[in-house]
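Data block below; observations after.
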Amino acid sequence: MPSFWEKVQVAGQEMDLYASVPDGSGPFPAIVVAHPASGVGEFTQSVADRLALEGYAAVAPNRFHRVTAEMLAGGGAAGQFLNDPETVDDMNATVDFLRNHPAIDGARIGIIGFCSGGRVAWLSAATNPHYRAVVPYYGGNIMATVGSATQSPFELADGINCPMLFHFGAIDANPSQDDMAKLDAELTRLGKEHRFRTYPGAGHAFLDHTGARYHEAAATASWPHTLDFFAAHLKG
C-alpha cells in the first residue's frame, strides 16, 4: 500500500496533499480526507492509510498551506487564518486532481472530515456536485461563517446532493446534541438523505487515537458504520 505526497495547484499556489492508495492500477474509488486542527499529521495520515487498505485512494489536502511561520509568530493557531472561500477552492482543486487522474474513478468520490474538517466535509459537499457520499465526524461551527464567507455551511445545505452519515459524541459541546437536532431538522426539511449516529460517553475528537479525547468504544463502533456507508455508495 503506497503512500506519498503530491502537490496541487490552487489559484497559482502549491498545496501539499498526502495520498495513500491501494495496491494495483485502479481505477479506484476515492475519498478526500479533511483534516482537523492538527493538520495532515499522524491521525489524518492514519485515516487515509486505513481507507487505502479498504480499496480507496485517499487524499488529504493541507488546508493550512497559506499559513506562514510569520503568521503564527504571535502564538495563534493555523485554523484562525482559514477562509471559507479559499477552503472551497482547496477542496475543489483536490476533487479536480482526482477526477483527472487515470488511476481514479471520477464518478466515485466521497469525503470524510474530523472536527473542523467535519465542517469542511459538509461545506464541500454543499459546494461541489461530484461527491457521492459525505461523512462528517463531530463537525462543529456548521452554523457559523469563517473568514469572508457570507453564508455558513448550514445555510448552503440545499447544495448537498449526496447521502450523509454524521457521527456525534453524546457529551460533545460543539456540535452539541441541540446542534444535532437543528442540523437534522434542516436536512429533513430539505429532503436530504442522511443518517446521524450518537455515541454515549464520547466527546469531541473521539476517533483520534493520538489525542487525549480518544474514546475507544465510540471509535470502535463508528468506523464499521463509516466503511459500510462508503462501500454502499462508492463501491456498489
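The values are calculated or read from the model by the stated rules, or taken from the named source; none is laboratory data. Every value quoted in this text rests on a predicted model; they were computed, and no experiment measured them. With ideal geometry, Cβ positions are generated from the backbone for all residues, glycine too; neighbour counts draw on all protein chains shown.
Odds and ends about this structure:
- Candidates PRO22, PRO27 - the one that is surrounded by fewer than 21 Cβ atoms within 10 Å (Cβ to Cβ), over 14 Å from ASN62 (Cβ atoms), in contact with a Lys or Arg (Cβ under 9 Å, 6 or more places away or on another chain) and touching a residue at least 12 places away in the same chain (Cβ under 8 Å): PRO27
- Close pairs (9 angstrom Cβ cut-off, 6 or more residues apart or separate chains): hydroxyl-bearing (Ser, Thr, Tyr) and at pLDDT 95 or above in region 90-101, in a helix (DSSP H, G or I) and crowded, with 16+ Cβ neighbours inside 10 Å anywhere: THR94/SER124
- Residues of region 184-223 that are over 17 Å from the mean Cα position of the chain (by Cα) and assigned to a helix (DSSP H, G or I): ASP184, ALA185, GLU186, LEU187, THR188, ARG189, GLU216, ALA217, ALA218, THR220, ALA221.
- Lone qualifier among ALA93, ALA37, ALA52 - being more than 21 Å from ASP208 (Cβ to Cβ) and either assigned to a loop (DSSP other than H, G, I, E, B) or more than 14 Å from the chain's Cα centre (by Cα) (or both): ALA93
- No other residue among ARG63, ARG119 is touching a Gly at 6+ places or on another chain (Cβ under 9 Å) and either among the hydroxyl-bearing types (Ser, Thr, Tyr) or assigned to a loop (DSSP other than H, G, I, E, B) (or both) apart from ARG63.
- When the residues of region 128-145 are filtered to those that are in contact with a Pro (Cβ under 9 Å, 6 or more places away or on another chain) and not in a strand (DSSP E or B), the one that is surrounded by the most Cβ atoms within 10 Å (Cβ to Cβ) is TYR138.
- Some residue of region 13-33 being closer than 17 Å to LEU227 by Cβ and of a type in the set (Gly, Ala, Ser): yes
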